Amino acid sequence: MTEVNPRVIVIAGAKSQAMNSPNTAEASNDAGLAALAALKRAGLRAAQEALRTNTYMVVAENGKVERLSPQEYLREREDARKKQSGDAG
C-alpha cells in the first residue's frame, strides 16, 4: 500500500467543451467559466496553504506531474495574467 503524505497538495486543470445547441452551448460555456474560476481559486488557496506549511505543490499539466514551489506557481500565475491582459514588464 502506498503511503500518502497529507501535506501534498494536488492541482489538476480542466477544459470545457461547448455543445452544438446554442442554448446548451451558452449554458455549457457559463458552467465552464464558473469551473475555471473555481479551479483558479483552488490553485490560489493551495499555494497559500503550501506557503503556510512550507511544502511543495504537486501540479499536473499536459499529462505530466511536477513538484512546484508555491512561489513559482504564483509567479507563473501572475505572468499568465499579465500575458492575457497585455501588460508589459
Counting only residues in the stretch 54-79 that are surrounded by 11 or more Cβ atoms within 10 Å (Cβ to Cβ) and of a type in the set (Gly, Ala, Ser), the one modelled with the lowest pLDDT is identified as 60
Residues of the stretch 41-82 being assigned to a helix (DSSP H, G or I), hydroxyl-bearing (Ser, Thr, Tyr) and over 10 Å from the mean Cα position of the chain (by Cα), in sequence order, are 53
Out of (1) exposed (fewer than 12 other Cβ atoms within 10 Å of the Cβ); (2) at pLDDT below 85, the one residue 34 does not meet is (2)
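The values are calculated or read from the model by the stated rules, or taken from the named source; none is laboratory data. Everything numeric in this text was worked out from a predicted model, so none of it was measured. All Cβ positions, even for glycine, are placed from backbone atoms using ideal geometry, and neighbour counts span all protein chains on display.
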